[in-house]
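Enquirer: Structure incoming, see below.
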Amino acid sequence: MENSETNIVLIGMPGCGKSSIGHLLAQQMKRDFLDTDQLIEQKTQLPVAEIFAKHGEVFFRAQEAEIAGICSQLKGKVIATGGGMVLNAENIRQLKQTGRIYYLQRELQLLARKGRPLSSSANALEKLFEQRAALYLLAADCVVDNQGPLQQVVQAILDDFTEVFFNNEKTRSGTKKILVINGPNINMLGIREPQIYGQQTYAQLLDFIRQCAAELQLDVDCYQSNHEGALVDTIQGALGKYDGIVINPAAYTHTSIAILDALKAVQIPAVEVHLSAVQQREEFRQISYAGMACCKTIAGLGFQGYREAMVFLKSGASVPLVMIDDAQNFK
Ligand code: DQA
């Protein structure tokens with residue numbers, strides 16, 4: 001899971017500050033705070049020390065595994081885990097599905113020991129650390145040094161989380177997704193009437209479009225069909241997926257109300273492109289139905305027209321689509 005709803009999961013030695021840092025973090029992020037040891041206590045109606053004394057560690061670890069499974073189903077929480085959570089790799093695998101794991105690293109002599117069944121003496125604590133240090137590092141997505149003031153540690157986690165998730169989301173949403181749709185006979189470029197449409201093939205057109213997209217930092221998908229219904233399906237399928245459409249409906253430009261209606265239905269900013277200067281051609285090419293639902297028409301520039309359309313959508317796709325109500329005429 002990779003978004004701002006990702007859980008923040010704190011791991012580390014018993015007494016390293018997971019609960020106090022977790023509380024503060026949750027407060028500042030306006031999130032719920034959960035503590036896996038507390039959840040186990042609630043479930044068993046016994047304090048952790050008593051669970052160990054009465055039922056033993058194996059029983060406790062089984063409870064812990066169950067709670068890890070439950071926590072991995074949650075979103076947008078701050079979760080402090082018991083020091084032994086890392087002992088079971090399956091716990092970590094599950095927690096990672098919905099969370100980013102922060103290891104709070106703290107010097108042994110600074111760890112709190114009161115009321116912790118497995119680290120009651122300095123010796124026991126050292127042994128525990130020897131067993132677990134590598135596991136914490138292995139499980140961690142980010143290691144945070146917890147020697148300084150609490151707020152400093154909280155800030156280090158916040159900075160990392162913002163960097164990883166919010167900035168990534170911004171970058172992702174900043175890249176516009178453009179769908180280029182070509183209609184009937186465009187696949188015959190290079191063969192069909194080269195004096196009008198040029199010598200270059202459809203494969204070369206695709207290369208050109210992809211090069212432009214890379215240069216303009218746009219995500220581009222290309223689609224071509226000789227069938228009106230398939231073009232309508234593709235326009236409908238673009239809803240919610242693309243920020244802009246570049247469309248050369250080819251001969252369907254002059255006949256297809258279905259394509260016009262599909263473009264109107266999805267309301268995705270669209271630019272109509274024609275390789276040839278249709279405005280200077282036969283009378284029957286002077287009407288464009290698709291053009292009535294497009295923000296712009298570019299004709300007569302060959303391949304370059306597709307580039308112009310992408311440039312336009314890159315800068316203008318966020319403005320609301322203005323419908324042209326009257327039939328657009330090339331004259
Ligand atoms: C075209 C012009 C249309 O009139 C014609 O039917 C096409 C191609 C162009 O790109 O110039 O197939 O859309």
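Enquirer: So for each of 44-50, 74-80, 140-146, 150-156 I average, over its residues, the number of other beta carbons within 10 Å; can you give me the resulting order with the highest mean first?
Expert: For the peptides 44-50, 74-80, 140-146, 150-156, the packing ranking is 74-80, 140-146, 150-156, 44-50.
Enquirer: Can I ask one more? Go through the range 121-132 residue by residue and turn each phi into a ³J(HN,Hα) via Karplus (6.51, -1.76, 1.60, θ = phi - 60°); whole Hz please, and just put x for glycine and proline.
Expert: For the range 121-132, the Karplus-derived couplings read 10, 4, 5, 4, 5, 5, 4, 4, 5, 4, 5, 9 Hz, x marking Gly and Pro.
Enquirer: Return the percentage of antiparallel bridges among DSSP beta bridges fully within the chain, rounded to the nearest 5 %.
Expert: 5
Enquirer: For A62 paired with N123, estimate the spin-label separation in nm (one decimal), with each label point 7 Å from Cα along the Cα-to-Cβ line.
Expert: About 3.1 nm separates the two model spin labels.
Enquirer: So, one more: Once you have a ≥ b ≥ c as the square roots of the Cα gyration tensor eigenvalues for the range 185-228, tell me rounded if a/c is under 1.5, and otherwise prolate or oblate according to whether a/b is larger than b/c.
Expert: Since a/c reaches 1.5 but b/c is at least a/b, the shape of the range 185-228 is classed as oblate.
Enquirer: Sticking with this one: Top mean-square fluctuation among G148, G12, G305, Gaussian network model of the chain, C-alpha springs under 10 Å?
Expert: Checking each option, the largest mean-square fluctuation is seen for G148.
Enquirer: Taking a ≥ b ≥ c as the square roots of the Cα gyration tensor eigenvalues, with a/c under 1.5 meaning rounded and otherwise prolate when a/b beats b/c, else oblate, which class fits the range 175-331?
Expert: Rounded shape, in that the Cα axes give a/c under 1.5.
Enquirer: Going by average Cβ density within 10 Å per residue, which order do the peptides 188-200, 280-292 take, highest to lowest?
Expert: 280-292, 188-200
Enquirer: With the Cα gyration tensor of the range 172-268 giving a ≥ b ≥ c as the square roots of its eigenvalues, does the rule (a/c under 1.5 for rounded; else a/b larger than b/c for prolate; else oblate) give rounded, prolate or oblate?
Expert: Oblate, since a/c reaches 1.5 and b/c is not below a/b.
Enquirer: Of all accessible surface on the range 1-166 at a 1.4 Å probe, what whole percent is carbon and sulfur?
Expert: Summing carbon and sulfur atoms, their accessible area is 52 percent of the total for the range 1-166.
Enquirer: Let me ask something else about it. Using only the heavy atoms of the protein chains and a 1.4 Å probe, how would E130, E308 rank by accessible area, largest first?
Expert: Ranked list, largest accessible area first: E130, E308.
Enquirer: What is the gain in length, in nm to one decimal, between K30 and D221 on full extension, counting 0.36 nm per residue of separation less the C-alpha to C-alpha distance?
Expert: 64.8 nm
Enquirer: Return the percentage of antiparallel bridges among DSSP beta bridges fully within the range 1-166, rounded to the nearest 5 %.
Expert: So the antiparallel bridges amount to about 0 percent of the total.
Enquirer: Roughly speaking, to the nearest percent, how much of the range 220-320's 1.4 Å accessible area is carbon and sulfur?
Expert: Taking all protein chains in place, the range 220-320 shows 53 percent carbon and sulfur surface.
The values are calculated or read from the model by the stated rules, or taken from the named source; none is laboratory data. Everything numeric here is computed off the predicted structure, so don't read it as measured data. Note: ideal-geometry Cβ built from the backbone for every residue, glycine included; neighbour counts use all protein chains shown. Accessible surface areas use protein heavy atoms only, side chains included; no ligands, DNA or RNA. Shrake-Rupley method; radii C 1.70, N 1.55, O 1.52, S 1.80 Å.
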